[in-house]
Amino acid sequence: MSTTPDPEPPAPRTALVFDDPLDQQSSDDTDRGWGERLEGGDSAADLKRFLDEKPPHHL
């Protein structure tokens, strides 16, 4: 009788997908995130957004 544990089966491999990636909608295909403003924003929120989105060379 053997005292070694039974080896675990190998994990299943991830399937390769050969679909055309251009057939799927990406996040860039929507208008979400392209400068829309939330309703009820105030000047403090505008300043925060300006400071968050300012390029590093404008510091």
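Readers should treat all values here as calculations from the given coordinates under stated rules, not as data from a laboratory. Since we're looking at a predicted model, the values are computed, not measured. Note that each Cβ is placed from the backbone with ideal geometry, even for glycine, and that neighbours are counted across all protein chains shown.
Just a few scattered comments:
- 3J(HN,Hα) from dihedral phi, segment 14-19, Karplus parametrisation 6.51/-1.76/1.60, rounded to Hz, x for glycine, proline: 6, 6, 7, 10, 10, 5
- With the highest mean first, a sort of the peptides 42-53, 5-16 on other beta-carbon atoms found within 10 angstrom per residue produces 42-53, 5-16.
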